[in-house]
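Engineer: I am attaching a structure below and will ask some questions about it afterwards.
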Amino acid sequence: MNIVFVEPSFPANQRRFALALASVGANVIGVGETDEWSLDEELRSALTGYYRVSSVTNLREMTDAVRWAQSRCWVDRLEATVEAHTMVAAQVREACGIPGTSVRATWLCRDKPSMKEALRQAGVPTAASTAADHADEIWAFAKEIGYPLILKPRAGAGAQGTVRVDSDTDLAHAITVLAATGATSIAVEEFVEGHEGFYDTIAKDNRVVHDWTTHYYPNVLEAMRTRWISPQFITTNRMADSSFYTEVAELGQRVIEALDIGTSATHMEWFHGPKGLRFSEIGCRPPGVGCWDLYAASNDVDVYREWANIVTHGSPIHAMTRPYSAGIIALRPDRDGHISGYSGIEEIQARHGEWVIDGHFPPIGHFTQPVEAGYMANAYVRLRHPDYDTLRGMLDDVGRTIKVHAH
């Protein structure tokens, strides 16, 4: 099978997708913004062709690149695994007659108000929402639904630009801030009270082949705005033992079918609280923040290769037996500035060393990253354990013990 893969070298983990495709026998044609000579030797050897463009989000250039590939071989698939690349990839597929996730499905995955409206029509429980191009539309929605509300740029990914508002004063300030950042259309939705998590899949022809359910501690908005918190997310190995996880999986399957995702990795966010389980949003691409590394560690399976084999051959290689739960804890510096040192690492290694997957500690003198930069922006530790509750306790212990000092 001949597969065009968008941007095989940046960000850094992109090479893992390209290498996985090659490892299962696909002929991989890379299209990227980097000069071919600057690709590392392993990646260059995995590619059967390469076409450089100035931007992988430029529709004309990407169409030319794929037609160049089609002039040399039959192109079976065009794959993009970065959120910002998915729409152009879908447009090129349709222009060049290549099967895959459609422009409509990709647009629904990126435009949150339209996504939620389509899912409500399909009977999927989700928060009330609207798309607003003018401030008066936001005020009208607030008057109808009431507070709290969540606002974010309409095409935003993850928690980027997301803000909660609890009053008219908060709303006026949020509208001003979002306008100042250049947002021209805003997704506004009802705040759903409850615990937050995510459900990730690899689907083939709208059917889930592999899946994982993961919990946030605490919810993302709080985690990304509070320095003293060492936030975590943990993927569970209890999916077969709980009616709740069955409900999450059934919800995810309904979303994939309703949006006609087809064959793709997906990342779905959900809330569970007084109103029950509520769907939040979906991306038709793999999750970020090293999630697949946790899924690999929790199953002793190469998840990148599983994705590659499903894309290339239509079937998985291994089942997910879930011997472990696995999680990450982000460790924030005590202030912005430069890293000046660490404490507590040796204690954690002594107590939990056999369960440590890996850790990342930027060197002394390294610039710190702001709290809102995410779970892997500064220091972090990843662990796994057969018992979910034990793992939670270990991650809490890491957060209490390891300190990141800055000046």
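The values are calculated or read from the model by the stated rules, or taken from the named source; none is laboratory data. Note that the structure is predicted; figures quoted are calculated from it, not measured. Backbone-built Cβ (ideal geometry, glycine too); neighbour counts: all protein chains shown.
Engineer: Kindly establish whether TYR199 is farther than 25 Å from ASP166 by Cβ, among the hydroxyl-bearing types (Ser, Thr, Tyr) and outside the structural domain of PRO148 (by TED's automatic domain parsing).
Structural biologist: So TYR199 fits the description; yes.
Engineer: Filter the stretch 121-136 for residues that are of a type in the set (Val, Ile, Thr) and not in a loop (DSSP other than H, G, I, E, B); which is surrounded by the fewest Cβ atoms within 10 Å (Cβ to Cβ)?
Structural biologist: Looking at residues that are of a type in the set (Val, Ile, Thr) and not in a loop (DSSP other than H, G, I, E, B), I get THR130.
Engineer: Restricting the first residue to the stretch 358-379 and requiring it to be without any contact (Cβ under 8 Å) to a residue 12 or more places away in the chain, which pairs with a second residue that is of a type outside the set (D, E, K, R) and surrounded by 15 or more Cβ atoms within 10 Å (Cβ to Cβ) meet a Cβ separation below 6 Å and a spacing of at least six or different chains?
Structural biologist: Close Cβ pairs satisfying both conditions: GLN369/ALA377; GLN369/ASN378.
Engineer: Can you report the number of residues in the stretch 291-316 which are within 17 Å of the chain's Cα centre (by Cα) and crowded, with 20+ Cβ neighbours inside 10 Å?
Structural biologist: Counting residues in the stretch 291-316 that are within 17 Å of the chain's Cα centre (by Cα) and crowded, with 20+ Cβ neighbours inside 10 Å gives 7.
Engineer: So how many residues does the stretch 337-382 have that are in a helix (DSSP H, G or I) and at pLDDT 95 or above?
Structural biologist: 11
Engineer: Kindly indicate which of VAL31, VAL56 is assigned to a loop (DSSP other than H, G, I, E, B), under 27 Å from ILE282 (Cα atoms) and touching a strand residue (DSSP E or B) at 6+ places or on another chain (Cβ under 6 Å).
Structural biologist: Criteria check complete, one pass: VAL56.
Engineer: Which one of the conditions (1) among the hydrophobic types (A, V, I, L, M, F, W, C); (2) closer than 24 Å to ALA265 by Cα; (3) surrounded by 14 or more Cβ atoms within 10 Å (Cβ to Cβ) does TRP74 fail to meet, given that it meets all the rest?
Structural biologist: The single condition TRP74 does not satisfy is (3).
Engineer: Collect the residues in the stretch 293-318 that are touching a strand residue (DSSP E or B) at 6+ places or on another chain (Cβ under 8 Å) and in a helix (DSSP H, G or I), keeping them in residue-number order.
Structural biologist: ASP293, LEU294, TYR295, ALA297, SER298, VAL303, GLU306, TRP307, ILE310, VAL311, THR312
Engineer: Pull up the stretch 351-392, narrow it to residues that are small (Gly, Ala, Ser) and surrounded by 13 or more Cβ atoms within 10 Å (Cβ to Cβ), then point me to the one that is farthest from ASP336 (Cα to Cα).
Structural biologist: Among those that are small (Gly, Ala, Ser) and surrounded by 13 or more Cβ atoms within 10 Å (Cβ to Cβ), it is GLY359.
Engineer: Follow-up question, since we're still on this one. Tell me which of these THR321 doesn't satisfy, since it passes every other one: (1) in a loop (DSSP other than H, G, I, E, B); (2) without any contact (Cβ under 8 Å) to a residue 60 or more places away in the chain; (3) in contact with a strand residue (DSSP E or B) (Cβ under 8 Å, 6 or more places away or on another chain).
Structural biologist: Going through (1) in a loop (DSSP other than H, G, I, E, B); (2) without any contact (Cβ under 8 Å) to a residue 60 or more places away in the chain; (3) in contact with a strand residue (DSSP E or B) (Cβ under 8 Å, 6 or more places away or on another chain) one by one, THR321 breaks only (3).
Engineer: Here's another thing I want to ask about it. Within the stretch 38-71, restricting attention to residues that are polar (S, T, N, Q) and either over 29 Å from TRP107 (Cβ atoms) or in the same structural domain as THR263 (by TED's automatic domain parsing) (or both), which residue is surrounded by the fewest Cβ atoms within 10 Å (Cβ to Cβ)?
Structural biologist: Among those residues, the one meeting the criterion is SER38.
Engineer: It is to be established whether one or more residues within the stretch 195-213 are over 23 Å from GLU83 (Cα atoms), surrounded by 14 or more Cβ atoms within 10 Å (Cβ to Cβ) and not aromatic (Phe, Trp, Tyr).
Structural biologist: no
Engineer: If you take the residues in the stretch 137-155 that are part of a helix (DSSP H, G or I) and of a type in the set (Val, Ile, Thr), which one is surrounded by the fewest Cβ atoms within 10 Å (Cβ to Cβ)?
Structural biologist: ILE145
Engineer: I'm trying to understand the selection: among the residues of the stretch 215-265, which are within 15 Å of the chain's Cα centre (by Cα), buried (at least 21 other Cβ atoms within 10 Å of the Cβ) and hydroxyl-bearing (Ser, Thr, Tyr)?
Structural biologist: THR235, SER264
Engineer: Within the stretch 383-399, identify whether any single residue is assigned to a loop (DSSP other than H, G, I, E, B), touching a residue at least 40 places away in the same chain (Cβ under 8 Å) and within 20 Å of the chain's Cα centre (by Cα), and answer yes or no.
Structural biologist: So far as the stretch 383-399 goes, no, none of its residues is assigned to a loop (DSSP other than H, G, I, E, B), touching a residue at least 40 places away in the same chain (Cβ under 8 Å) and within 20 Å of the chain's Cα centre (by Cα).
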